[in-house]
1. Starting from a Cα-only point model with no solvent, please compute log10 I(q)/I(0) by Debye for the chain at q = 0.14, 0.16 1/Å.
2. How many percent of the accessible area of the stretch 1-149 is carbon or sulfur, using a 1.4 Å probe?
3. Report the extension gain between Leu126 and Ala23 in nm, rounded to one decimal, defined as 0.36 nm multiplied by the number of residues separating them, less their alpha carbon distance.
4. Quick check: net charge around His47, other residues with Cβ under 15 Å of its Cβ, Lys/Arg +1 and Asp/Glu -1?
5. Taking the full set of protein chains and a 1.4 angstrom probe, give the accessible area of Val4 in square angstrom, rounded to the nearest 10.
6. Compute the signed sum of charges (Lys and Arg +1, Asp and Glu -1) over the other residues within less than 13 Å, Cβ to Cβ, of Val26.
7. Counting Lys +1, Arg +1, Asp -1, Glu -1, what net charge surrounds Val154 among other residues with beta carbon under 11 Å of its beta carbon?
8. Enter the accessible area per residue of the stretch 13-69 (Å², integer; probe 1.4 Å; all protein chains in place).
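The values are calculated or read from the model by the stated rules, or taken from the named source; none is laboratory data. Quick caveat, the model's predicted, so the values are computed rather than measured. Because the Cβ atoms are built from the backbone with ideal geometry, glycine has one as well, and the counts that use them run over all protein chains shown. The area values use the complete protein model at the heavy-atom level, side chains included, leaving out ligands, DNA and RNA. Shrake-Rupley method; radii C 1.70, N 1.55, O 1.52, S 1.80 Å.
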Amino acid sequence: VIKVADTDYNAERIIESIKLAAANGVKIITFPELVISGASCYDLLSHQVILRGAEMALKKILDETAGLDILAFVGLPVAMGARIMSCAAAIYMGELLCLIPEAGNLEYTMEMQYCGSTVEISENALFEHKLIPGLNMAVEIGDDITAPISPAMVHAQAGATVIARLSSEPATIYS
């Protein structure tokens with residue numbers, strides 16, 4: 001359970017969950033969309049307090065998960081210029097591998113400064129597991145599932161065998 005707009009508290013719950021999962025042999029864990037800030041704070045997502053808090057919370061998560069053999073996808077808001085994007089942070093061994101924004105926000109892969117380092121930001125990131133042949137992960141976020149051309153389809157065509165779906169909806173049913 002998280003608290004809306006309490007990025008410090010939410011980071012602690014995420015860290016506890018990642019450590020518990022890693023201790024139990026879990027290799028991949030996915031958290032909801034905007035889990036660091038809480039999705040229901042809506043207009044507050046554009047406030048610098050929330051954006052800075054989310055970045056600092058992610059930095060704390062990175063520091064506390066260093067050395068853990070688990071791939072984690074954690075949802076958070078990220079500002080890029082005047083645009084606020086719902087992103088997934090891909091984390092492994094305490095390293096920020098990539099930020100993956102909701103589809104339609106970027107025309108190409110780029111780099112940005114985040115959490116004190118240069119990080120790639122890409123809608124089409126694909127994560128290949130080195131020890132499990134054929135396990136290739138990609139991410140879709142929120143309303144991506146309702147897009148005319150589903151990012152999951154694009155990811156699958158690029159070689160993804162598992163799609164991590166970060167959603168802020170309590171239950172999603174489509175037919």
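1. -0.70, -0.94
2. Carbon-and-sulfur percentage of accessible area, whole number: 53.
3. Length gained, Leu126 through Ala23: 34.5 nm.
4. Here the count lands on -1.
5. The accessible area of Val4 comes to roughly 80 Å².
6. Net charge around Val26: +1.
7. -3
8. Here the residues of the stretch 13-69 average 51 Å² of exposed surface.
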